[in-house]
Structures are given as C-alpha cells and as structure tokens.
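Laboratory data are not the source of any read-out in this text; all were calculated from the coordinates shown. Note that this is a predicted model, so its numbers are computed, not measured. For neighbour counting, all protein chains shown are included, and Cβ atoms are generated from backbone atoms with ideal geometry for every residue, glycine included.
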Amino acid sequence: MVSVKLAVDHQKQYSGFVCSGHAAYAKHGADIVCAAISILAQTIMAALDEILGLPLEVETDESTGYLKCTWVNQPNQSEQIQLLIKTLVLGLKAIQTEYPNHISLSEMEV
C-alpha cells in the first residue's frame with residue numbers, strides 16, 4: 001500500500017508531503033495505482049518549482065517507493081502553493097476512492 005502523508009503546519013497550511021511504499025495493485029512496471037500517484041506528485045512538484053519558483057527539498061528512493069517533498073511557505077505565494085497542494089489532494093482522494101486497498105492518505109502536524 002502507498003502511504004501519502006501531507007504535512008500541515010500550525011496555521012493549517014500544507015508544507016510538504018511524503019509518499020512511501022508500493023500499491024501492489026499489479027507487478028512492478030505495470031502498476032497503474034503507483035503510476036497515477038507518482039505522476040500526480042511529480043506534476044505538483046514541477047508546478048511548485050517551475051511555475052512558482054518555490055525552492056523544494058526533495059528526497060527519493062525509487063526502490064522503496066519513497067518521495068519526500070518539503071518547502072517553506074512564501075507569504076506572497078501562499079495561496080498559489082495551497083491551491084496546488086489541494087489539487088494534489090483531490091487527485092489522491094479520487095485514486096483512494098477507486099483503489100481503497102492500495103493507498104492511504106493522512107495529514108501530519110509539523
């Protein structure tokens with residue numbers, strides 16, 4: 001199962017996310033659940049980086065399905081950052097609805 005944890009600060013602002021594990025929906029290389037989660041996360045990271053120019057701290061380990069992405073919220077971009085992460089959450093919830101045994105989604109206070 002893929003675990004996705006969204007970091008939320010004391011002001012209820014998203015400040016990062018961690019994806020870990022494998023969905024185990026299909027064999028490696030053919031797992032549509034892992035692929036969907038991966039492309040959502042990578043697209044949001046690209047938007048944060050390339051569109052907003054937000055400095056990201058990223059850690060990955062492909063063998064374990066680990067991806068950690070964090071940032072420092074910028075006051076002048078806060079609304080845009082939060083909108084992008086809420087878009088990520090919508091996509092992940094849609095995947096969770098279709099494949100509830102293969103993804104868990106939660107928030108963690110930081």
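Miscellaneous remarks
- DSSP beta bridges in the chain [antiparallel fraction, %, rounded to 5]: 70 percent
- Alpha-carbon centroids, the range 46-110 and the range 17-44: separation in whole Å: 13 Å
- Charge dipole (Cα centre; +1 on Lys/Arg Cβ, -1 on Asp/Glu Cβ; no other charges) of the range 2-109 amounts to roughly 280 debye.
- Looking at the range 1-91, the GluC sites (Glu not before Pro) that sit in a DSSP loop and have at most 10 other Cβ atoms within 10 Å of their own Cβ are GLU62.
- Translational diffusion of the range 15-91, estimated by Stokes-Einstein from the Kirkwood radius over alpha carbon pairs at 20 °C in a medium of 1.002 mPa s, is 163 µm² per second.
- The angle between the Cα long axis of helix 32-46 and the main principal axis of the chain comes to about 20°, on a 0 to 90 degree scale.
- Principal-axis analysis of the Cα atoms of the chain puts helix 78-98 at an angle of about 20° to the longest axis.
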